Amino acid sequence: MPLRPLALVSPGRPQPRRRRPLRSTPIVLLPRKSLGLWRACLGDLPAAEPSPRAERLRQVLAGQGALFFDELQDEAHLLRSELEDALGELVSLGLAHADSFAGLRSLLLPAAKRSQQQRRARRALANMQDAGRWALLRGAQPAERERDAEALEHVARTLLRRYGVVCWRLLAREADWLPAWRELLRVYQRLEARGEIRGGRFVSGVVGEQFALPEAVALLREVRKRPADGALLSLSACDPLNLLGTLLPGDKVPALAGNRLLYRDGMPVASLTAGRIALLQEADAFTAGQWQAALIRQAGAPAPHQGRRVGSGP
(Lines give C-alpha, C1' and ligand atoms only; values in the text may rest on other atoms or scores of the structure.)
Protein backbone atom coordinates (compact mmCIF):
# COMPACT_ATOMS: atom_id res chain seq x y z
CA MET A 1 0.00 0.00 0.00
CA PRO A 2 1.54 3.34 -1.00
CA LEU A 3 2.41 5.94 1.60
CA ARG A 4 0.94 9.43 1.50
CA PRO A 5 2.25 12.42 3.42
CA LEU A 6 0.43 13.10 6.66
CA ALA A 7 1.35 15.75 9.22
CA LEU A 8 0.44 15.57 12.88
CA VAL A 9 1.27 18.05 15.62
CA SER A 10 2.46 16.45 18.82
CA PRO A 11 -0.82 16.46 20.82
CA GLY A 12 -1.33 16.97 24.51
CA ARG A 13 -1.13 20.76 24.55
CA PRO A 14 -3.74 23.24 23.32
CA GLN A 15 -2.73 24.73 20.00
CA PRO A 16 -2.30 28.53 19.82
CA ARG A 17 -4.43 30.57 17.47
CA ARG A 18 -1.59 31.42 15.13
CA ARG A 19 0.29 29.86 12.27
CA ARG A 20 3.04 27.59 13.52
CA PRO A 21 6.24 27.20 11.47
CA LEU A 22 5.99 24.06 9.41
CA ARG A 23 9.69 23.33 9.98
CA SER A 24 8.90 22.60 13.64
CA THR A 25 5.96 20.34 12.87
CA PRO A 26 6.52 16.58 13.29
CA ILE A 27 5.67 14.58 10.17
CA VAL A 28 4.66 10.94 10.29
CA LEU A 29 4.78 8.49 7.39
CA LEU A 30 2.61 5.42 7.75
CA PRO A 31 0.53 2.96 5.75
CA ARG A 32 -3.03 4.16 5.48
CA LYS A 33 -4.32 0.91 6.99
CA SER A 34 -2.46 1.75 10.23
CA LEU A 35 -3.88 5.25 10.58
CA GLY A 36 -6.83 4.13 12.70
CA LEU A 37 -4.55 2.36 15.19
CA TRP A 38 -2.47 5.48 15.74
CA ARG A 39 -5.56 7.68 16.00
CA ALA A 40 -6.81 5.44 18.80
CA CYS A 41 -3.75 6.49 20.83
CA LEU A 42 -4.60 10.17 20.68
CA GLY A 43 -7.57 9.94 23.03
CA ASP A 44 -9.89 12.88 23.58
CA LEU A 45 -7.76 15.88 22.66
CA PRO A 46 -8.96 19.49 22.42
CA ALA A 47 -10.02 20.41 18.89
CA ALA A 48 -7.52 22.45 16.89
CA GLU A 49 -8.45 26.10 16.46
CA PRO A 50 -7.35 27.44 13.06
CA SER A 51 -7.08 31.16 12.38
CA PRO A 52 -10.04 32.76 10.53
CA ARG A 53 -8.27 32.50 7.17
CA ALA A 54 -7.31 28.86 7.70
CA GLU A 55 -10.84 28.11 8.94
CA ARG A 56 -12.26 29.53 5.72
CA LEU A 57 -10.00 27.21 3.76
CA ARG A 58 -10.98 24.26 5.95
CA GLN A 59 -14.64 24.91 5.25
CA VAL A 60 -13.98 24.99 1.49
CA LEU A 61 -12.24 21.61 1.68
CA ALA A 62 -14.98 20.22 3.92
CA GLY A 63 -17.68 21.31 1.50
CA GLN A 64 -16.07 20.44 -1.83
CA GLY A 65 -13.56 17.72 -1.04
CA ALA A 66 -10.07 17.45 -2.49
CA LEU A 67 -9.04 20.38 -4.69
CA PHE A 68 -5.97 21.46 -6.61
CA PHE A 69 -4.08 24.56 -5.53
CA ASP A 70 -5.50 26.84 -8.23
CA GLU A 71 -9.03 25.60 -7.46
CA LEU A 72 -8.50 26.36 -3.77
CA GLN A 73 -7.31 29.85 -4.64
CA ASP A 74 -10.49 30.53 -6.60
CA GLU A 75 -12.88 29.01 -4.08
CA ALA A 76 -11.31 30.48 -0.94
CA HIS A 77 -10.74 33.93 -2.54
CA LEU A 78 -7.25 34.19 -1.08
CA LEU A 79 -4.01 35.56 -2.46
CA ARG A 80 -1.37 33.00 -3.28
CA SER A 81 0.75 33.89 -0.24
CA GLU A 82 -2.34 33.85 2.00
CA LEU A 83 -3.36 30.44 0.68
CA GLU A 84 0.13 29.01 1.24
CA ASP A 85 0.10 30.31 4.83
CA ALA A 86 -3.37 28.88 5.44
CA LEU A 87 -2.38 25.50 4.02
CA GLY A 88 0.76 25.52 6.17
CA GLU A 89 -1.38 26.14 9.24
CA LEU A 90 -3.84 23.35 8.44
CA VAL A 91 -0.97 20.93 7.80
CA SER A 92 0.82 21.93 11.03
CA LEU A 93 -2.41 21.35 12.97
CA GLY A 94 -2.80 17.90 11.43
CA LEU A 95 -5.98 18.84 9.59
CA ALA A 96 -4.93 18.65 5.92
CA HIS A 97 -2.55 16.84 3.60
CA ALA A 98 -1.64 16.66 -0.08
CA ASP A 99 -1.52 13.89 -2.68
CA SER A 100 2.27 14.14 -2.95
CA PHE A 101 5.33 15.44 -1.13
CA ALA A 102 5.79 18.39 -3.50
CA GLY A 103 3.35 20.55 -1.54
CA LEU A 104 5.09 19.83 1.77
CA ARG A 105 8.48 20.57 0.21
CA SER A 106 7.18 23.88 -1.08
CA LEU A 107 5.68 24.85 2.27
CA LEU A 108 9.01 24.12 3.94
CA LEU A 109 10.74 26.70 1.76
CA PRO A 110 10.92 30.34 2.91
CA ALA A 111 8.57 32.70 1.07
CA ALA A 112 11.44 34.25 -0.92
CA LYS A 113 12.59 30.86 -2.20
CA ARG A 114 9.03 29.86 -3.05
CA SER A 115 8.82 32.94 -5.27
CA GLN A 116 12.03 31.91 -7.01
CA GLN A 117 10.65 28.43 -7.58
CA GLN A 118 7.55 29.88 -9.17
CA ARG A 119 9.68 31.89 -11.60
CA ARG A 120 11.74 28.84 -12.53
CA ALA A 121 9.28 26.50 -14.16
CA ARG A 122 12.00 23.99 -14.97
CA ARG A 123 12.57 23.39 -11.24
CA ALA A 124 9.17 22.05 -10.30
CA LEU A 125 10.32 19.70 -7.51
CA ALA A 126 8.79 21.85 -4.77
CA ASN A 127 6.19 23.78 -6.75
CA MET A 128 2.73 24.15 -5.23
CA GLN A 129 1.18 23.68 -8.68
CA ASP A 130 2.59 20.14 -8.80
CA ALA A 131 1.46 19.10 -5.33
CA GLY A 132 -1.68 17.39 -6.56
CA ARG A 133 -4.88 17.82 -4.60
CA TRP A 134 -5.24 19.05 -1.03
CA ALA A 135 -7.78 17.43 1.27
CA LEU A 136 -8.77 17.27 4.93
CA LEU A 137 -7.64 14.35 7.03
CA ARG A 138 -10.53 12.15 8.03
CA GLY A 139 -11.46 12.42 11.69
CA ALA A 140 -11.25 9.42 13.97
CA GLN A 141 -14.28 7.13 13.77
CA PRO A 142 -15.93 5.59 16.87
CA ALA A 143 -14.72 2.12 15.89
CA GLU A 144 -11.15 3.43 15.75
CA ARG A 145 -11.38 4.98 19.20
CA GLU A 146 -12.53 1.64 20.62
CA ARG A 147 -9.58 -0.41 19.35
CA ASP A 148 -7.49 0.33 22.43
CA ALA A 149 -6.08 -3.18 22.93
CA GLU A 150 -5.10 -3.57 19.29
CA ALA A 151 -3.63 -0.06 19.20
CA LEU A 152 -1.59 -0.69 22.36
CA GLU A 153 -0.06 -3.85 20.90
CA HIS A 154 0.67 -2.05 17.63
CA VAL A 155 2.54 0.73 19.47
CA ALA A 156 4.38 -1.77 21.68
CA ARG A 157 5.60 -3.75 18.68
CA THR A 158 6.57 -0.57 16.83
CA LEU A 159 8.74 0.57 19.76
CA LEU A 160 10.38 -2.86 19.88
CA ARG A 161 11.22 -2.69 16.17
CA ARG A 162 12.52 0.85 16.67
CA TYR A 163 14.90 0.12 19.54
CA GLY A 164 15.30 -3.66 19.79
CA VAL A 165 15.25 -3.30 23.60
CA VAL A 166 12.64 -1.21 25.42
CA CYS A 167 12.33 0.08 28.97
CA TRP A 168 10.45 2.89 30.67
CA ARG A 169 13.24 5.45 30.27
CA LEU A 170 13.11 5.24 26.48
CA LEU A 171 9.66 6.82 26.47
CA ALA A 172 11.21 10.09 27.64
CA ARG A 173 12.37 10.66 24.05
CA GLU A 174 9.06 9.72 22.45
CA ALA A 175 5.92 11.78 21.86
CA ASP A 176 3.94 12.57 25.00
CA TRP A 177 0.72 11.28 23.45
CA LEU A 178 1.97 7.68 23.31
CA PRO A 179 0.50 5.24 25.85
CA ALA A 180 2.05 5.32 29.32
CA TRP A 181 4.64 2.70 30.26
CA ARG A 182 2.25 1.03 32.70
CA GLU A 183 -0.10 0.31 29.77
CA LEU A 184 2.67 -0.92 27.49
CA LEU A 185 4.12 -3.03 30.30
CA ARG A 186 1.04 -5.27 30.38
CA VAL A 187 1.35 -5.80 26.62
CA TYR A 188 5.04 -6.71 26.87
CA GLN A 189 4.40 -9.11 29.73
CA ARG A 190 1.72 -10.82 27.67
CA LEU A 191 4.03 -11.07 24.64
CA GLU A 192 6.78 -12.49 26.86
CA ALA A 193 4.40 -15.09 28.28
CA ARG A 194 3.57 -16.15 24.71
CA GLY A 195 7.27 -16.54 23.98
CA GLU A 196 7.34 -13.86 21.28
CA ILE A 197 9.80 -11.55 23.06
CA ARG A 198 12.39 -11.82 25.83
CA GLY A 199 12.30 -10.22 29.26
CA GLY A 200 15.32 -9.57 31.46
CA ARG A 201 18.13 -7.10 32.21
CA PHE A 202 19.75 -6.24 28.91
CA VAL A 203 20.98 -2.70 29.62
CA SER A 204 22.93 -2.14 32.83
CA GLY A 205 22.24 0.85 35.02
CA VAL A 206 18.52 0.98 34.18
CA VAL A 207 15.99 0.02 36.82
CA GLY A 208 12.71 -1.63 35.99
CA GLU A 209 11.69 -4.33 33.56
CA GLN A 210 13.21 -4.55 30.10
CA PHE A 211 12.04 -6.41 27.01
CA ALA A 212 13.84 -7.27 23.79
CA LEU A 213 13.33 -8.93 20.45
CA PRO A 214 15.09 -12.32 20.27
CA GLU A 215 17.31 -11.15 17.42
CA ALA A 216 18.28 -8.04 19.42
CA VAL A 217 19.56 -10.22 22.28
CA ALA A 218 21.88 -12.04 19.89
CA LEU A 219 23.18 -8.74 18.52
CA LEU A 220 23.83 -7.42 22.04
CA ARG A 221 25.91 -10.51 22.86
CA GLU A 222 27.88 -10.05 19.67
CA VAL A 223 28.58 -6.39 20.42
CA ARG A 224 29.68 -7.22 23.97
CA LYS A 225 32.30 -9.65 22.64
CA ARG A 226 33.56 -7.25 20.00
CA PRO A 227 36.83 -5.48 20.97
CA ALA A 228 36.85 -1.68 21.05
CA ASP A 229 38.51 -0.23 17.94
CA GLY A 230 37.87 3.48 18.39
CA ALA A 231 35.33 3.64 15.55
CA LEU A 232 33.47 6.96 15.32
CA LEU A 233 29.77 7.20 14.46
CA SER A 234 28.18 10.60 13.79
CA LEU A 235 24.40 10.76 13.69
CA SER A 236 21.60 13.30 13.67
CA ALA A 237 20.05 14.30 16.97
CA CYS A 238 16.71 13.21 15.46
CA ASP A 239 17.96 9.62 15.34
CA PRO A 240 16.48 7.20 17.93
CA LEU A 241 20.07 6.58 19.08
CA ASN A 242 20.12 10.07 20.57
CA LEU A 243 19.88 8.64 24.09
CA LEU A 244 21.90 11.30 25.88
CA GLY A 245 20.10 12.36 29.05
CA THR A 246 17.90 9.24 29.05
CA LEU A 247 19.79 5.93 28.97
CA LEU A 248 23.16 7.69 28.78
CA PRO A 249 24.41 10.28 31.29
CA GLY A 250 24.67 13.90 30.23
CA ASP A 251 22.53 16.79 29.08
CA LYS A 252 19.92 16.11 26.43
CA VAL A 253 20.65 17.23 22.88
CA PRO A 254 17.45 18.63 21.32
CA ALA A 255 16.14 16.42 18.52
CA LEU A 256 16.60 19.02 15.77
CA ALA A 257 17.94 18.36 12.28
CA GLY A 258 20.94 20.68 12.72
CA ASN A 259 22.17 19.02 15.93
CA ARG A 260 24.43 15.97 15.92
CA LEU A 261 26.03 13.44 18.25
CA LEU A 262 29.33 11.64 17.92
CA TYR A 263 29.82 8.16 19.39
CA ARG A 264 33.09 6.29 19.86
CA ASP A 265 32.74 2.59 20.52
CA GLY A 266 29.11 3.17 21.44
CA MET A 267 29.73 5.96 23.96
CA PRO A 268 28.96 9.66 23.30
CA VAL A 269 32.11 11.77 23.07
CA ALA A 270 30.98 15.04 21.45
CA SER A 271 27.85 16.91 20.40
CA LEU A 272 26.98 19.69 17.99
CA THR A 273 24.15 21.87 19.31
CA ALA A 274 23.06 25.18 17.76
CA GLY A 275 26.35 25.41 15.88
CA ARG A 276 28.54 24.83 18.95
CA ILE A 277 30.61 21.74 19.66
CA ALA A 278 30.88 20.36 23.19
CA LEU A 279 33.24 17.55 24.15
CA LEU A 280 31.56 15.02 26.43
CA GLN A 281 34.81 13.27 27.37
CA GLU A 282 38.31 14.49 28.12
CA ALA A 283 40.61 14.29 25.10
CA ASP A 284 43.95 15.62 23.89
CA ALA A 285 44.08 18.30 21.22
CA PHE A 286 44.62 15.84 18.35
CA THR A 287 41.71 13.58 19.36
CA ALA A 288 39.43 16.57 19.99
CA GLY A 289 40.25 17.83 16.50
CA GLN A 290 39.29 14.46 15.02
CA TRP A 291 35.97 14.53 16.83
CA GLN A 292 35.25 18.06 15.71
CA ALA A 293 36.14 17.23 12.11
CA ALA A 294 33.84 14.18 12.17
CA LEU A 295 30.92 16.26 13.41
CA ILE A 296 31.47 19.07 10.91
CA ARG A 297 31.99 16.70 7.98
CA GLN A 298 28.79 14.80 8.71
CA ALA A 299 26.76 17.94 9.40
CA GLY A 300 27.81 19.52 6.10
CA ALA A 301 27.74 22.94 7.72
CA PRO A 302 30.25 25.79 8.13
CA ALA A 303 32.78 25.34 10.91
CA PRO A 304 30.96 25.92 14.20
CA HIS A 305 32.32 27.62 17.30
CA GLN A 306 34.36 25.39 19.60
CA GLY A 307 32.26 25.01 22.73
CA ARG A 308 33.63 24.77 26.27
CA ARG A 309 34.80 21.28 27.16
CA VAL A 310 32.32 19.55 29.42
CA GLY A 311 33.66 19.36 32.95
CA SER A 312 36.46 21.87 32.38
CA GLY A 313 36.83 25.26 33.94
CA PRO A 314 35.52 28.52 32.43
Count - residues of the stretch 191-208 that are in contact with a helix residue (DSSP H, G or I) (Cβ under 9 Å, 6 or more places away or on another chain) and either closer than 17 Å to Val223 by Cβ or among the polar types (S, T, N, Q) (or both): 5
Lone unmet requirement of (1) open to solvent by 30 Å² or more (accessible area, probe 1.4 Å); (2) closer than 25 Å to Pro268 by Cα; (3) not in a strand (DSSP E or B) for Trp177: (2)
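Residues to consider are Leu256, Leu233; find the one that is open to solvent by 60 Å² or more (accessible area, probe 1.4 Å), farther than 22 Å from Ala175 by Cβ and either modelled with pLDDT of 90 or more or touching a strand residue (DSSP E or B) at 6+ places or on another chain (Cβ under 9 Å) (or both). Working first, answer last.
Numbers: Leu256 fails: farther than 22 Å from Ala175 by Cβ.
Going through Leu256, Leu233 in turn, just one is open to solvent by 60 Å² or more (accessible area, probe 1.4 Å), farther than 22 Å from Ala175 by Cβ and either modelled with pLDDT of 90 or more or touching a strand residue (DSSP E or B) at 6+ places or on another chain (Cβ under 9 Å) (or both): Leu233.
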Neighbours by Cβ (under 7 Å, 6+ apart or cross-chain): first from the stretch 50-63, among the β-branched types (Val, Ile, Thr); second open to solvent by less than 20 Å² (accessible area, probe 1.4 Å): Val60/Leu72; Val60/Ala76
Any hit, the stretch 196-203, residues being within 16 Å of Val155 (Cα to Cα), of a type in the set (D, E, K, R) and modelled with pLDDT of 90 or more: yes
Residue in the stretch 50-67 that is open to solvent by 20 Å² or more (accessible area, probe 1.4 Å) and assigned to a strand (DSSP E or B) present: no
Flag if Pro2 is modelled with pLDDT under 75 and either farther than 30 Å from Ala180 by Cβ or β-branched (Val, Ile, Thr) (or both): yes
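The values are calculated or read from the model by the stated rules, or taken from the named source; none is laboratory data. Note that the structure is a prediction, hence the values are computed from the model and not measured. FYI the Cβ positions are ideal-geometry reconstructions off the backbone, even for glycines, and counts take in every protein chain you see. The accessibility values were calculated without ligands, DNA or RNA, using every heavy atom of the protein model including side chains. Shrake-Rupley method; radii C 1.70, N 1.55, O 1.52, S 1.80 Å.
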